[in-house]
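J.: Got a structure here, written out as structure tokens. Questions coming.
The values are calculated or read from the model by the stated rules, or taken from the named source; none is laboratory data. Note that the coordinates shown come from a computational prediction; the quantities given were computed from them, not determined experimentally. Neighbour counts run over all protein chains shown; Cβ positions are idealised from the backbone, glycine included. Surface accessibility is based on the protein's heavy atoms, side chains included, excluding ligands, DNA and RNA. Shrake-Rupley method; radii C 1.70, N 1.55, O 1.52, S 1.80 Å.
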Amino acid sequence: SDLTEKILDILDEQGVKATFFVVGKDSEQGRKNLKKIVERGHEIGIHTYSHNYRKIYASVNSFLEDFYEDYQWVYETCGVKPTVYRCPGGSINAYNQLIYKEIIAEMERILAKPKDAKEK
């Protein structure tokens, strides 16, 4: 948003790191904000590209397509591969009641970090 720079300045002043869950805003300013967030040592999380609930929650594949679009935008803009996400409207909402379990299971599968072979 237009407040990103101000928020980043406050976080810097306070010595606090944050996770920014981003909505795809493929504009020059949106890309600049993404790069600033990463350059200042903050984490990027995926929220949604379109923020259109009816479209996103039409099916599990629709959710994944929207997620991937936002993911690609972040990766292409600043080279970061986000590992966290936040469902638009919450993980259980009026739009996804019939498919939320499948969405959560698929997201856990996609974002699962490989375990270190030395861990017991």
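J.: Among residues other than His47 whose Cβ falls under 9 Å from its Cβ, what is the net charge (Lys/Arg +1, Asp/Glu -1)?
T.: 0
J.: Considering only protein heavy atoms, what is the solvent-accessible area of Ile10 at a probe of 1.4 Å, reported in Å² to the nearest 10?
T.: Probe radius 1.4 Å; accessible area of Ile10 about 90 Å².
J.: Using the alpha-carbon centroid of each, what span in Å lies between region 28-50 and region 87-102?
T.: Each part's Cα centre sits 25 Å from the other's.
J.: Most fluctuating residue of Gln72, Gln29, Gln14 in a GNM of the chain with Cα springs under 10 Å: which is it?
T.: Gln14
J.: What does a probe at Glu69 reach in region 31-55, counting residues whose amide N is under 12 Å from the point 7 Å along Cα→Cβ?
T.: Correct set: 48-55.
J.: Hey, another quick one. To the nearest 500 deg cm²/dmol, what mean residue ellipticity at 222 nm is calculated for the chain from DSSP H runs of n ≥ 4 alone, each contributing -39,500 (n - 2.57), summed and divided by the residues?
T.: Dividing the helical sum by the residues of the chain leaves -15000 deg cm²/dmol.
J.: Which aspartates and glutamates, on any chain, are close to Lys35 with Cα under 18 Å apart, when same-chain ones fewer than 8 places away are left out?
T.: Asp2, Glu5, Asp9, Asp12, Asp26, Glu43, Glu69, Asp70, Glu76
J.: Follow-up. Net charge around Trp73, counting only other residues with Cβ within less than 9 Å of its Cβ (Lys, Arg = +1; Asp, Glu = -1)?
T.: It works out to a net charge of -2.
J.: Can you tally the net charge around Gly89? Count Lys and Arg as +1, Asp and Glu as -1, for every other residue whose Cβ sits under 13 Å from the Cβ of Gly89.
T.: With Lys, Arg at +1 and Asp, Glu at -1, the neighbours total +2.
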